[in-house]
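The values are calculated or read from the model by the stated rules, or taken from the named source; none is laboratory data. None of the values given here were measured: they were computed from a predicted structure. As a convention, Cβ positions derive from the backbone with ideal geometry for all residues, glycine included, and neighbour counts pool all protein chains shown. Calculation scope for accessible area: heavy atoms of the full protein, side chains included, ligands and nucleic acids excluded. Shrake-Rupley method; radii C 1.70, N 1.55, O 1.52, S 1.80 Å.
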Amino acid sequence: MNFLVGLIFSAIVAIVVLLVPWIGVGVLHLYTIFGIVVPYLAILIFLIGMILRVIDWGRSPVPFRIPTTAGQQWSFPWIKHSWIENPKDSKGVIVRMALEVLCFRSLFRNVRLEYRRIENLPKVAFEWEKWLWMAAIAFHYSFLVIFLRHFRFFTNPIPSFVKIIEKLDGFFQAGVLPIPGLTIPEVYITDLLLLAAVTYLLLRRLYIPQVRYVSLPSDYFPLFLILGIGTTGVLMRYFLRVDVTKVKELAFGLFKFHPHVPDGIGTIFFIHLFFVCTLIAYIPFSKICHMAGIFLSPTRNLSNNSRFKRHINPWDNKPAWEYPGMVHTYEEYEEEFRDVMIEAGIPVEKMPEKKEEEKPEQEQ
Amino acid sequence: MRPKNVPEPEELSKIDHKPPLFESWMDKKPEFKPGFYCYGAKAKNIAAVGMPNPRDWSPTDEDWKLPENWKEIFLNGMKERLEKYRSFKLFMDICVRCGACADKCHYFIGSGDPKNMPVLRAELLRSVYRKYFTTGGKLFGKLAGARELTFDVLKEIWYYLYQCSECRRCSLFCPYGIDTAEITILGRELTNLLGLNTDWIQASVANCYRTGNHIGLQPHAYKDMIEFLCDECEEVTGIRPQPQFNKKGAEILFVTPSGDVFADPGTYTCMGYLLLFHYLQEEYGFDITWSTYASEGGNFGYFTSHEMAKRLHAKIYMEAKRLGVKWILGGECGHMWRLLNQYIDTFNGPPDYLEEPVSPITGTKFEHAKGHKIVHIVEFTADLIRHNKLKLDPSRNDHLVLTFHDSCNPARGMGFFEEPRYVIKSVCRNFYEMPSNTIREQTFCCGSGAGLNAGENMELRMRGGLPRANAVKYVHEKYGVNMMACICAIDRAALPVLMQYWVPEVDITGVHELVGNALVFKNEKKRTTDLRGNPFVGAEEEQGDAV
Amino acid sequence: MSLVEELKKKSSKILKKWQDSLIASYPEDTQHFLKKEKDKFANPVGYIFKNELERLYNGFVDEDQDKINSSLTEIIRVRAVQDFFPSAAINFILELKEIIKNETNWESFSIEEKEALDKKITSLLLLAFDIYEQCRQKLYDLRVHEVKKHVMGLLKMANLVYEIPDPTK
């Protein structure tokens, strides 16, 4: 796939995703479809799709124990065992997986501070590529925080953890100058981080030739969707305000299975919602399903214990010699080489019977 | 008529690469360049182990003599493997093409060929997967990164599958643990359904199957070869080891890659084993046997298919059972140890006819090996040294300035880092590590692993080994390193060649060669040279004085 | 200003162009990596090119034959095992001429100076050809050597086993 076609194709699809609710709600006033049917449908597709996907993965067994070992194996008591990087039991695996999922441990290996002397001044430098880990962390955590913050729309009373998150997230607002004439609510740092990180991830894909070379439309599309979600969200919160109580009413209705769409919610909200729904429904069919896949990855979620605990292959649990014709047995081997073995003084199982013609030779 | 292999006139002038703005990797046809691929497997070697489509063929042939329904065979094989290996299925689905692996492959680093980026190497196969096994790929084709399996696509997949040494360096950096080695192994299985192995691998497979070792040594020749090495030991040390062969009732079975037995410098490592066993026999009544039947620890089947690997390595357990030994000692070998660690018990276990390994000399229980009942000789020696069971004179290695190359498989398929370093530091006094991003779990491949150690693909090997050689060159220039130790037979075969091209001042040794140098026997003759016949530091002057 | 003086004065600019043109002989997707990855162990090719080309240029300007030999060898040793036709592998020498023409006040130099430079580049090219040939030769030697080594052990053994006559028989 060449990158321009890929980029344009996914951009067009993303624009369609933008236009559909705009026209659907803004012009055709299809509130029920975009406020009720689409969200339910998206969640349904997501749940069923994801379950099917995980079942599909799970159906394929793990025949061999193949963890990538990134540290010293467990051996003698006097050799320090690297119990996280090369886990011998589930405790190590849990910590390793936690580091992988929460800190992107493997990706972090790419990060390397470089001390260089530039015009005789020592300088600490990051390579452009090495920002990948930081962007990934910023992106995923911002996403998580924003997701959690949205709980205020589905819950009553709002749980305290949501409030705490909001407080922390808005902590830096003092530093942001309000634009005169506009009443700006608290600025959430994660809103900015998310948009910055997604923009970085997109630019990186376009800027680094190796990455551009391997990119597919399915790499750009989710980024466009998330960019769309972020932008509409930010617009709604800071500029094109929508009636939050009504949005909450809609969300509550959806959650209690008594859905109804209150009047007076701006079109922008439906665009935002449609972006979210598209993303959710798209997940099971896309690479974003890595969020479930990582937990199943056999190079990470297995302990390196196959030297002391047998790993069983469910579709082949018999040694090779129990299948006919699979191995060249010792008997066949001796049969072929018996004479030379005897001559060389290598013990054999079966001494050959003395043949008639051999006798005169021996008498000589 | 222009001769073949001469550039077109426009290629001679400024090399102008079309920017790939309008070009996709999918549109590029594979071009087989001499030096970057190995010869095709010969009919007799394919037939010898009953694998499909035996015929003589060459990768540069127009016609690969494939069965008519080759596409069906390939795709059915893929389907079967998707259902049997979660790794395969998952790795086909979850790559996000973040590019973290791109610059981790030694073949990419050394060649600059973008299709050597692990992500793209896998995409070659993934694109076919999408076309035939995903809805998106079926519907949207190229837009979903899917493409038809054509003969050109097959050729491309083949070309790059046999340019991967299954070293797993990329899998270390992948946020989802996608392991290109796993994809290469399964991809190669698919090519083998069509009879598309390289002869270097296939001939070794056929030999291992019939004679037990990859060069095809018959039992008496194998024994003679080792006897010959005993003679060499005697010449240097005045001690002649007395190895036992196929001895029933021996306590331990020893299995090592057969490369150690016939190819320099592996032979010196083998002399190290022989001397060590003899020392232990004399001092402690150690009872170990070699086997001519299970005379190959390395497993060329692993470069072919899981099934072939299982079939070949079965001999180790079968022989241990037949001889009635208590447990198995394994020699210094790379992929052999990945297999012994991660596969053999699953393949051919449980070996409940063996006992849990205990060192007869120190009494140490090798608890971590109690399942598969195989101990690495470096662990075994490390334990002996730790318990002061060996009399060692490290000054005998003073003429060497050492560094250590972590072989890919023991590094990333086992985690075997400290034991070899402990042994080396006990028998040598000059040891320097290479830079940290080139050793241990981040080690660079020798460039010749996974069956790529043939002669015809020398250019591929040299450029693939450049990152390793470059780090060696650094320690050579900085610390005067003149010898690199390793614990892998393919390393011992491949690295000397690599060094001769890039850093001719550095040679290669196995760890047990160093042990053999340092080991002090009670009744040895006055030793003036190491096992290779190179004089010890100070030995020359002494000799001069004596005269 | 003489040509040599100008070559010295504009060395960093010319060198930069020269390095870029060498890197430009690789696929575009790879150039970024070769240029940007600064760790000498993670990117040996880029590192060798950058440093050795600098040494080569300085050696060229200062007419330091040892420097020229050693740096040219380092560069060509890499090129000789990569995907290049022989001509393409050493073409970067000729590009130096173009770069110098473009980057200096080419018209202002005397014919003698220009001819001298031409000669120098030609001899550099011939040297590059020799080195390339040596590297390729080395590769073939290694091939042969490896085959020999594989069978040497067997030959040695064969001699021992079959060549010693037993006087008692």
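So the values come out like this:
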read-out	value
Protection proxy ranking, peptides A:54-61, B:322-329, average beta carbon neighbours within 10 Å, highest first	B:322-329, A:54-61
Residues of region B:23-197: accessible area per residue with a 1.4 Å probe, Å²	30 Å²
For B:PHE431, residues with placed amide H under 5 Å, excluding near neighbours	B:LEU402
5 angstrom amide H check on B:ILE508, placed H, neighbours 5+ away	B:MET484
For residues of A:292-303, the mean tally of beta carbons on other chains within 10 Å	6
Surface accessible to a 1.4 Å probe, A:PHE9 within the full protein complex, Å²	70 Å²
Shielding of B:470-478 by partner chains, average beta-carbon count, 10 Å	2
Accessible area of B:SER58 in the full protein assembly, 1.4 Å probe (Å², nearest 10)	30 Å²
About the Cα centre, charge dipole magnitude for region C:1-103 (Lys/Arg +1, Asp/Glu -1 at Cβ), debye	240 debye
Largest-first ellipsoid semi-axes for region B:23-197, taking √(5λ) over the Cα gyration tensor eigenvalues, angstrom	25, 19, 16
The protein assembly as shown - charge dipole about Cα centre, Lys and Arg +1 at Cβ, Asp and Glu -1, debye rounded to 20	4300 debye
Euclidean distance between Cα centres, region B:160-216 to region A:272-295, Å	35 Å
Solvent-accessible area of B:GLU189 with every protein chain in place, 1.4 Å probe, in Å² to the nearest 10	10 Å²
In region B:343-428, trypsin sites (Lys or Arg not before Pro) in a DSSP loop with at most 15 other beta-carbon atoms within 10 Å	B:LYS391
Chain B: antiparallel DSSP beta bridges as a percent of all, rounded to 5	15 percent
All-pairs alpha carbon distance profile, the protein assembly as shown, 10 Å steps from 0, percent	2, 9, 17, 21, 19, 14, 10, 5, 2, 1, 0, 0, 0
Alpha-carbon centroids, region A:24-83 and region B:21-85: separation in whole Å	34 Å
Value of relative contact order over region B:204-518, rounded to a whole percent, pairs C-alpha under 8 Å and six or more apart	19 percent
The protein assembly as shown - share of DSSP beta bridges that are antiparallel (%, nearest 5)	30 percent
Rounded FRET efficiency, nearest 0.05, which uses the C-beta distance separating A:ILE51 from B:LYS248 and R0 of 45 Å	0.20
Chain A, relative contact order in percent, only Cα pairs under 8 angstrom and at least six apart counted	29 percent
Region B:319-387, relative contact order in percent, only Cα pairs under 8 angstrom and at least six apart counted	37 percent
Total accessible surface hidden between C and B, rounded to 100 Å², 1.4 Å probe	4600 Å²
Exceeding the 27 Å Cα-Cα cut-off - candidates B:LYS247/B:LYS389; C:LYS13/C:LYS119; B:LYS89/B:LYS370; B:LYS44/B:LYS89; A:LYS318/B:LYS370; B:LYS248/B:LYS526	B:LYS89/B:LYS370; B:LYS44/B:LYS89; B:LYS248/B:LYS526
Other protein chain Cβ atoms within 10 Å, averaged over every residue that makes up B:218-226	6
Whether chain B is rounded, prolate or oblate, judged on the alpha carbon gyration tensor where a/c under 1.5 counts as rounded	prolate
